[in-house]
Amino acid sequence: MADILQILYTIVPAALIASTPLLLTALGGLFSERSGVVNIGLEGLMVMGAFSGIVGTLFFESIGFGFASPWMGMLAAIILGAVFSLFHAVASITLKADQIVSGVALNFLALGLSVFIVREVFDRGQTDAISARLFRIDVPFLSEIPVIGPMFFSRIYATTFLAFIVVAIVWYVIFKTPFGLRLRSVGEHPMAADTMGIKVTRMRYIGVMLSGALGGLGGAIFAITTAGNFSAGTIVGQGFMALAALIFGKWHPVGAMGAAVFFGFAQALSISAQQIPGLAEIPQVYMLILPYVLTILALAGFVGKAEPPKALNQTD
Amino acid sequence: MKNLLTSRWFGLFIPLIAIGFGFFAGALIMLISGNNPVTGYVALVEGVFGDLYYFGETLQQMIPLIFSGIAVAFAFRTGLLNIGVEGQLIVGWFAAVIVGISIEAPLMIHLPLAILGGAIAGALWGFVPGLLKARLQVHEVIVTIMMNYIAMHVANALIRAYFQESGQRTAFIHDSASLASEFLAEITNFSRLHWGFFLAVLACVLMWFLLWKTKLGFELRSVGHNRQASAYAGMNVNTNIIMSMSISGGFAGVGGAMLGLGTFEYAEILSSFTDYGFDGIAVALLGASNAIGIFFSSFLFGGLQQGANNMQGQANVAPELADIIIALIIFFVASSYLIRWIYSRLQSKKEGK
Amino acid sequence: MWQTEGKSIILITHKLKEIMQVCDRCTVIRRGRGVGTVDVADTSENKLAEMMVGREVSFAVEKETAVPKETVLSIKDLQVEDTRKVDVVNGLNLDVRAGEIVGVAGVDGNGQTELVEAMTGLRLVKAGSVTVSEQDITHYKPRKVTEAGVGHIPEDRHKHGMVMAFTVAENMLLQTYYQFPYTKKGILNYPNIYEKAKALIQEYDVRTPNEKTPARSLSGGNQQKMIIAREVNRSPDMLIAAQPTRGLDVGAIEFIHGKLVEERDKGHAVLLVSLELDEILNLSDRIAVIYEGTIVDIVKADETDEKELGLLMAGGKREAGEGQR
């Protein structure tokens, strides 16, 4: 029993930390897809976020912001992510490009542009490592609670809590505000929304830019907490994982949260399964492919049918 | 007056304009980053044509690009977006190498068998999303993305478990399964160019023939354009979807076999995607899903990637500029609306005078 | 009613009757240009039609009296569900004989679409049977239905009837491309396909630059002629025409009506499903009225009129007389 608890005390925080970037990016994707714009470009937005998060942190470190630097870096990532997502918005909304193709182009561009800049600035394929890292913290009082304390509130990043707060905010915005209603109606039935006087184009731009902001934040958090620097290998597939979480979570913020945490668990397990009795014999590959297999099963309706917003990827 | 927008040449016009825009934007980026665009592009061109070795490597780069471009285009003609070419290529690479390692047979049997192994593996990897799409209306884009990761992790795990030889790779394949060509290597200053190049050209012809000259192609294109009308005309829409994804995956799998049997002659544990599959989307898009178009756009993208290396050495421009240019070309092709709009604006201005 | 409240109302329609009944003034547009505005009180349906097409129009179809022979189509107790799993065709019975045109009249949404789809294999039959020339085709796939001798002019030509991006030739062979001599051993024989298409273009007066023109660039009337060429040329025993003239100009309508009568006179059975009562009355020999998924009555076309049909379509019984409503 004590052993199991000890293992959970390692894995649960690790899983929560791993799920944080996925969760934020998935929530970003939710805004975009709920407005009717497919966002395969989440990967690229995370790349851009990771890049600007690290470069921003390095910059603010150098001008003496100290431990506030990573937070400033994240802020930079939010802004740059939103700006960069305009590329997808302009192409797919204004210029009526195929949304998936435009997303693919965005992914190419993000990686190309960010690594290009890194090479031009640092003269090599990766940035310097940031020295002002975020620290894992114990939450005062809450971490004292037996069992739950060490599991959920100890040695965890503040950004993880931030992500879960954002879930609540997104849920409220999507389902309880006029803005959310408009966004959803644009994604379900743009023609009807248009006749009701909702500005379809503007809502979609907002949806895509929010996905850029949150995707950027997700990428920055991954880079700042887990990677420590930025290179072409920093974001490899997390964006697609976030997209999977969004679909697996059926385009619902709480569902996306469940899916992201689940994927985080699979990731944490695949790393530490060797130390866990009973799991050590399971080849690591099963843990690695689990999120992807589950997503396919979810889509196939074995885990409850995932219905996308109706107007998704309609170019006009 | 004759309007270019409706003429058949517009199909050619858009990619050319998009390429122009892409390179122009690349030049701007070089300017902004303090490089000289002229020296940069001279180095790029020399990196492709400046040495027989470079040229051979460019042609070698084209081989998997042609196959993955065909794979994307083939599915696209049936109205499907196969983002899973990457995964299909990986399993094809793996399967071909396994056949190349574990069987002993004369060249005439072994080589076709190894290529077939790649084709079947790729086809199987395309069959799954095709089946899910046809039977359960699951969107193929997401399934194929997921299948990419499964392909990479499974191939890696299998190599690690059963075939790991030295470092992160398998043993070399037997000579009887190899596409390597001393002749082609020699005339290109010992590049890795191999016989697969001719197979790639053949694949272009095969794709064209399948789509435009056969009953199957007629049905696939019909389903791609209008599912309801195809069902009305008595075609089996579901079978055609599955067929299209499988054939598409088969092409991608052979593309992987080209890497395994020609370029590298082994399979390796991949730490990230090869990106050939994703590049295939760009190739197919720029090539307008057309066999000849795919050949030329493979040359462009293969050349960009090859020439970028020289750009770094000779002009000190980061090779990622090639990726940026490729991304922008895709952007401009996909946004052909913009080009049409600018064109019609120019036209109406002319008419106004 | 809104009018009396002082509101302005714009009604956009191609139904001349509607205009005559409710409008005060009427603007006719043709090919994106206003032809003229008239006071409805000073005009007639014929005059409006003339403005619409630019020449004098005759609404009547000339045809001899039908000489029906053996039964070709026989539908028994047919039951069909729509996409929401609601029974929309409900125990429907109908016979059509060789050499007659049977019109199916009804208000839109009384099961006409589903009836046609079920007959042609595009929709599952829940119960009952469909027989064509003594062949039970109830559970046939579309291709087998076609091969059993059924021609089908679908109600939505863009959705079902044609592939816009295909050439005129490819569209004309959409039902027969797989047969000899258009396909040999799985390989298409384009010379034969083009030759056939050229002949059809000629015979059915399809206005197109050539057979290799994308079907998308044809006018609606010519697209429909292309479809009719394909369906009628196979000389099917049973021709199902669903709203064959919807949205077409009067010239194309005349041509298509002529072709349907020609098919009848060749001794084929024709089932005409239409929402236009005029079309039904003008073309049909017998008229079956569909209401809530069943045929409520069958009347002879020359023994009925719009008023009676309208009553039947609204669910009234003939025996009950006019006063009931």
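Give the residue that is most open to solvent (accessible area, probe 1.4 Å), with candidates limited to residues of segment C:145-156 that are at the interface with chain B (Cβ under 9 Å from one of its Cβ atoms) and under 20 Å from the mean Cα position of the chain (by Cα). First the steps, then the outcome.
Step one: list which residues in segment C:145-156 are at the interface with chain B (Cβ under 9 Å from one of its Cβ atoms), which gives C:145-147, C:152, C:154, C:156.
Then drop every residue that is not under 20 Å from the mean Cα position of the chain (by Cα), which leaves C:145-146, C:152, C:154, C:156.
Values: C:V145: 3, C:T146: 22, C:H152: 15, C:P154: 4, C:D156: 52 Å².
Checked segment C:145-156; the qualifying residue most open to solvent (accessible area, probe 1.4 Å) is C:D156.
Against the conditions (1) closer than 26 Å to A:I93 by Cα; (2) in a helix (DSSP H, G or I), B:Q305 satisfies every one except (1). For segment C:121-132, the candidate set comprises residues that are open to solvent by less than 50 Å² (accessible area, probe 1.4 Å) and away from chain B (no Cβ under 11 Å); within that set, the residue that is farthest from C:T83 (Cα to Cα) is C:V132. Check segment A:115-127 and report whether any residue there is in contact with a helix residue (DSSP H, G or I) (Cβ under 6 Å, 6 or more places away or on another chain), part of a helix (DSSP H, G or I) and open to solvent by less than 70 Å² (accessible area, probe 1.4 Å). Within segment A:115-127, one or more residues are in contact with a helix residue (DSSP H, G or I) (Cβ under 6 Å, 6 or more places away or on another chain), part of a helix (DSSP H, G or I) and open to solvent by less than 70 Å² (accessible area, probe 1.4 Å). Among residues of segment B:214-249 being more than 12 Å from chain C (Cβ to nearest Cβ) and open to solvent by 10 Å² or more (accessible area, probe 1.4 Å), the one that is farthest from B:I63 (Cα to Cα) is B:I242. Scan segment B:259-282 and give yes if some residue there is touching an Asp or Glu at 6+ places or on another chain (Cβ under 8 Å), in a helix (DSSP H, G or I) and within 14 Å of chain C (Cβ to nearest Cβ), otherwise no. No, that holds for no residue.
Of the candidates C:A165, C:A118, the single residue that is touching a residue at least 40 places away in the same chain (Cβ under 8 Å) and crowded, with 17+ Cβ neighbours inside 10 Å is C:A118.
Is it the case that segment B:302-319 has a residue that's under 17 Å from the mean Cα position of the chain (by Cα), away from chain A (no Cβ under 12 Å) and under 13 Å from B:I19 (Cβ atoms)? Checked segment B:302-319: at least one residue is under 17 Å from the mean Cα position of the chain (by Cα), away from chain A (no Cβ under 12 Å) and under 13 Å from B:I19 (Cβ atoms). Among the residues of this structure, A:G64 does not count as one that is part of a helix (DSSP H, G or I), more than 11 Å from chain B (Cβ to nearest Cβ), under 30 Å from A:S154 (Cα atoms) and not hydrophobic (A, V, I, L, M, F, W, C).
With respect to (1) within 7 Å of another protein chain (Cβ to nearest Cβ); (2) crowded, with 21+ Cβ neighbours inside 10 Å, the lone exception for B:A252 is condition (1). Whether any residue in segment B:268-290 is more than 28 Å from B:Y149 (Cα to Cα) and open to solvent by less than 30 Å² (accessible area, probe 1.4 Å) is what I want to check. No: zero hits. The set of residues in segment A:235-277 being outside any helix (DSSP H, G or I) and away from every other protein chain (no Cβ under 11 Å) consists of A:G249, A:K250, A:W251, A:H252, A:I276, A:P277. It is to be established whether one or more residues within segment B:221-241 are touching a strand residue (DSSP E or B) at 6+ places or on another chain (Cβ under 6 Å), outside any loop (DSSP other than H, G, I, E, B) and in contact (Cβ under 8 Å) with a residue 40 or more places away in the chain. Looking through segment B:221-241, none of the residues is touching a strand residue (DSSP E or B) at 6+ places or on another chain (Cβ under 6 Å), outside any loop (DSSP other than H, G, I, E, B) and in contact (Cβ under 8 Å) with a residue 40 or more places away in the chain. Residue count for segment A:132-182 under the criterion of being of a type outside the set (V, I, T) and outside any loop (DSSP other than H, G, I, E, B): the result is 22.
Scanning segment A:109-143 for residues that are in contact with a Ser or Thr (Cβ under 6 Å, 6 or more places away or on another chain) and of a type outside the set (A, V, I, L, M, F, W, C) yields A:E120, A:G125, A:Q126, A:D138, A:S143. Among the residues of segment A:122-160, those that are in contact (Cβ under 8 Å) with a residue 60 or more places away in the chain and of a type in the set (A, V, I, L, M, F, W, C) comprise A:A129, A:I130, A:A132, A:L134, A:V147, A:M151, A:F152, A:I156.
Evaluate segment A:75-85: report whether one residue or more is out of contact with any Lys or Arg (no Cβ under 7 Å at 6 or more places or on another chain), within 14 Å of chain B (Cβ to nearest Cβ) and crowded, with 24+ Cβ neighbours inside 10 Å. Yes, because at least one residue in segment A:75-85 is out of contact with any Lys or Arg (no Cβ under 7 Å at 6 or more places or on another chain), within 14 Å of chain B (Cβ to nearest Cβ) and crowded, with 24+ Cβ neighbours inside 10 Å. The set of residues in segment A:128-163 being open to solvent by 30 Å² or more (accessible area, probe 1.4 Å), farther than 18 Å from A:F59 by Cβ and among the small types (G, A, S) consists of A:A158 alone.
Only one of the numbered conditions (1) open to solvent by 20 Å² or more (accessible area, probe 1.4 Å); (2) farther than 15 Å from C:M226 by Cβ is violated by C:T138, and that is (1).
The listed residues are B:A157, B:A105, and the only one of them that is at the interface with chain A (Cβ under 9 Å from one of its Cβ atoms) and surrounded by fewer than 21 Cβ atoms within 10 Å (Cβ to Cβ) turns out to be B:A157.
On the basis of being out of contact with any Pro (no Cβ under 6 Å at 6 or more places or on another chain), buried (at least 21 other Cβ atoms within 10 Å of the Cβ), at negative phi and among the aliphatic types (A, V, I, L, M), does A:A192 make the cut?
Details: out of contact with any Pro (no Cβ under 6 Å at 6 or more places or on another chain): yes; buried (at least 21 other Cβ atoms within 10 Å of the Cβ): no; at negative phi: yes; among the aliphatic types (A, V, I, L, M): yes.
It is false that A:A192 is out of contact with any Pro (no Cβ under 6 Å at 6 or more places or on another chain), buried (at least 21 other Cβ atoms within 10 Å of the Cβ), at negative phi and among the aliphatic types (A, V, I, L, M).
Residues that are open to solvent by less than 50 Å² (accessible area, probe 1.4 Å), part of a helix (DSSP H, G or I) and not hydroxyl-bearing (S, T, Y) within segment B:166-199 comprise B:A177, B:L184, B:A185, B:G196, B:F197, listed in sequence order.
What's the total number of residues in segment A:22-45 that are more than 12 Å from every other protein chain (Cβ to nearest Cβ), farther than 21 Å from B:S272 by Cα and polar (S, T, N, Q)? So the answer is 2.
The values are calculated or read from the model by the stated rules, or taken from the named source; none is laboratory data. What you are looking at is a predicted structure, and each value in this text was computed from that prediction instead of being measured. Cβ atoms come from the backbone with ideal geometry, glycine included; neighbour counts cover every protein chain shown. We work out accessible area using only protein heavy atoms, side chains counted, and drop any ligands, DNA or RNA first. Shrake-Rupley method; radii C 1.70, N 1.55, O 1.52, S 1.80 Å.
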